[in-house]
Amino acid sequence: MKRRDVLKNIGLGTAGVAVSGKVMAQNEPKKIVEELPDSRNGQLKEEILYEQKLKAETFFDKHEMATIAILADIIIPKDENSGSATDSGVPDFIEFIVKDMPHHQVPMRGGLMWLDLECNRQFGKKFIKLSKSKRTEMLDQIAYPEEAKPDMSQGVAFFNKMRDLTATGFFTSEIGVKDLDYRGNTPNAWDGAPEEDLKKFGLSYDEWRTHVPEEKD
């Protein structure tokens, strides 16, 4: 079930509370049960249900998601070859990961808070309110671990995690795979051994075809 459908069902359920008991008795809500296959795209039914449950949950608020989107596009911007990190769905990927792997939640949320506090301290504004140049100035302080000052260690740890998750999300997306020009198990057509190699052994496909019985209509 898609997240939108889940929200729609919640809305219908809330509306149902407002009507009278008589009406409720006459219009008993029907349970919506989605028929799931035993497996789909390599996932078992239990895995499909677990994924749907996570997608229906929300962890980051709007401000956090906006900050993640800006950071992701700074790490992997759009170029002449492919779309940006947000074009590939990295923010949604990161939110899914922190729900699936809760040990990422405190470092990510804490890092986002640290970033806003540090931006407020240095520039008087939260990160997403800064100009492009000020954002760069801020990130230059935490994006290079070997050059960062000791008091920036928390920011460095956060940006390292943000960079890792962004790269993982991007390069496992359709856009990222195309950007890598990864062909994988792409099927191709095999036309048999080259004619010139067959000639070396005195063979040819013409001779072979004379031994293949013709197909009857």
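The values are calculated or read from the model by the stated rules, or taken from the named source; none is laboratory data. No experiment lies behind these values; they were computed from the predicted model shown. So basically every Cβ, Gly included, is an ideal-geometry build from the backbone, and we count neighbours across all protein chains shown. When the accessible area is computed, the model is the full protein with side chains, heavy atoms only, and any ligands, DNA or RNA have been set aside. Shrake-Rupley method; radii C 1.70, N 1.55, O 1.52, S 1.80 Å.
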message = Under 8 Å between Cβ atoms, which residue pairs at least 6 apart in sequence (or on different chains) link something in region 43-54 that is over 19 Å from ASP92 (Cβ atoms) with a partner that is open to solvent by less than 90 Å² (accessible area, probe 1.4 Å) and of a type in the set (Gly, Ala, Ser)?
response = LYS45/SER39
inquiry  = Among (1) modelled with pLDDT of 90 or more; (2) more than 15 Å from the chain's Cα centre (by Cα); (3) in a helix (DSSP H, G or I), there is one condition VAL23 misses while meeting the rest; what is its number?
reply    = (1)
ask   = Right, ALA72: assigned to a loop (DSSP other than H, G, I, E, B), in contact with a Ser or Thr (Cβ under 9 Å, 6 or more places away or on another chain), more than 30 Å from GLU35 (Cα to Cα) and not acidic (Asp, Glu) or not?
value = no
ask   = Quick one: how many residues across region 99-155 are open to solvent by less than 50 Å² (accessible area, probe 1.4 Å) and acidic (Asp, Glu)?
value = 2
Qualifying positions in region 74-88 - open to solvent by less than 60 Å² (accessible area, probe 1.4 Å) and farther than 24 Å from ILE142 by Cα = SER82, GLY83, SER88
key: Criterion: of a type in the set (Ser, Thr, Tyr), modelled with pLDDT of 95 or more and either in contact with a Ser or Thr (Cβ under 8 Å, 6 or more places away or on another chain) or closer than 25 Å to ASP100 by Cβ (or both) - qualifying residue of THR166, THR172, THR136   = THR166
query = Cβ-Cβ below 8 Å, separation at least six or inter-chain, first residue in region 154-178 and basic (Lys, Arg), second part of a helix (DSSP H, G or I): which pairs?
reply = LYS161/HIS104; LYS161/PRO107; LYS161/MET108; LYS161/GLY111; ARG163/ILE75
inquiry  = Given the criteria surrounded by fewer than 13 Cβ atoms within 10 Å (Cβ to Cβ), in a helix (DSSP H, G or I), among the charged types (D, E, K, R) and at pLDDT 75 or above, does GLU51 qualify?
reply    = no
Conditions (1) part of a loop (DSSP other than H, G, I, E, B); (2) under 16 Å from GLY169 (Cβ atoms); (3) open to solvent by 30 Å² or more (accessible area, probe 1.4 Å): number failed by PHE60 = (3)
Any chance ILE68 is open to solvent by less than 40 Å² (accessible area, probe 1.4 Å) and in contact (Cβ under 8 Å) with a residue 12 or more places away in the chain = yes
